[in-house]
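Data first, discussion second: the structure below is written as structure tokens.
The values are calculated or read from the model by the stated rules, or taken from the named source; none is laboratory data. The structure presented is a predicted model; accordingly, all values stated were derived computationally and were not measured. Positions of Cβ are generated from backbone atoms using ideal geometry, with glycine treated the same way; all protein chains shown enter the neighbour counts.
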Amino acid sequence: MEEFEAELDAYTTVENYQSYITNHLLDGHAVPEIRIPATDFSRAEGMDTTILTDYEGVSGDALLVDEAGLVEYEFEVAESGLYQIYLHYYPVEGNSAAIQRSLFIDSELPFSEFQLVEFPRIWVNKMNQWETDNQGNDIRPSQIEEAEWLMAWVCRAKSAI
């Protein structure tokens, strides 16, 4: 983790999100939607990528990537403004933690909070019926990961931007 943070610090001469918003208030809110298919990446580095078709009930192509590495997309933005970034993803079984990424725009961190963004996984009770101990107290059931397609907007770890 220290190596990762040191590498990010090399790119972090940027302002935080609040400063960014204050400095870009006149940019306005972007109206046009830009959709970037996951499979339209221009470069992948440090990971294997697999294109999956009609994966887990969603028609079309999806991109399966490793937990570490880089995927780069090139696209044009016709209108400058403040955009919200959403990600449609399927958290395949992994290391039981939230999916963690960094987000660079034009090869730079737009603000420091994009050093670490997290995408949650879904957890459900392993058993539907709660057990009780010998005192009659409920015992919390174990949690298991339940994979499903999710939509999340990009935000920094631990709180929304």
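Do the conditions hold for GLY81, that is, is it of a type outside the set (Lys, Arg) and under 19 Å from THR39 (Cα atoms)? If you could, list the steps in order and put the result at the bottom.
Details: of a type outside the set (Lys, Arg): yes; under 19 Å from THR39 (Cα atoms): no.
Criteria not met by GLY81.
Return only the number of the condition from (1) surrounded by 14 or more Cβ atoms within 10 Å (Cβ to Cβ); (2) in contact (Cβ under 8 Å) with a residue 60 or more places away in the chain; (3) in contact with a strand residue (DSSP E or B) (Cβ under 6 Å, 6 or more places away or on another chain) that PRO110 does not satisfy.
(3)
Given ILE105, ILE85, which one is touching a residue at least 60 places away in the same chain (Cβ under 8 Å) and surrounded by fewer than 16 Cβ atoms within 10 Å (Cβ to Cβ)? Break it down into steps so the answer makes sense when it comes.
Working: ILE105 fails: touching a residue at least 60 places away in the same chain (Cβ under 8 Å).
The match here is ILE85.
Within the group GLY60, GLY94, GLY69, which residue is under 28 Å from GLU145 (Cβ atoms), at pLDDT 95 or above and small (Gly, Ala, Ser)? Spell out how you get there, then give the answer.
Details: GLY94 fails: at pLDDT 95 or above; GLY69 fails: at pLDDT 95 or above.
The match here is GLY60.
Determine which member of the set PRO120, PRO141 is within 15 Å of the chain's Cα centre (by Cα), exposed (fewer than 15 other Cβ atoms within 10 Å of the Cβ) and more than 16 Å from ALA38 (Cβ to Cβ).
Values: PRO141 fails: within 15 Å of the chain's Cα centre (by Cα).
Testing whether each residue is within 15 Å of the chain's Cα centre (by Cα), exposed (fewer than 15 other Cβ atoms within 10 Å of the Cβ) and more than 16 Å from ALA38 (Cβ to Cβ) leaves just PRO120.
What number of residues within region 109-150 satisfy the criterion of being under 29 Å from TYR55 (Cα atoms) and not small (Gly, Ala, Ser)?
Narrowing region 109-150 to residues under 29 Å from TYR55 (Cα atoms): 114, 116-128, 142-150.
Adding the requirement that they be not small (Gly, Ala, Ser) leaves 114, 116-128, 143-146, 148-150.
The qualifying residues number 21.
Working carefully through the options GLU146, GLU131, find the one that is without any contact (Cβ under 8 Å) to a residue 12 or more places away in the chain, surrounded by 10 or more Cβ atoms within 10 Å (Cβ to Cβ) and not aliphatic (A, V, I, L, M).
Values: GLU146 fails: without any contact (Cβ under 8 Å) to a residue 12 or more places away in the chain.
Exactly one of GLU146, GLU131 is without any contact (Cβ under 8 Å) to a residue 12 or more places away in the chain, surrounded by 10 or more Cβ atoms within 10 Å (Cβ to Cβ) and not aliphatic (A, V, I, L, M), namely GLU131.
Just one of (1) in contact (Cβ under 8 Å) with a residue 12 or more places away in the chain; (2) surrounded by 11 or more Cβ atoms within 10 Å (Cβ to Cβ) trips up GLU93, so point out which.
Against the list (1) in contact (Cβ under 8 Å) with a residue 12 or more places away in the chain; (2) surrounded by 11 or more Cβ atoms within 10 Å (Cβ to Cβ), GLU93 comes up short only on (2).
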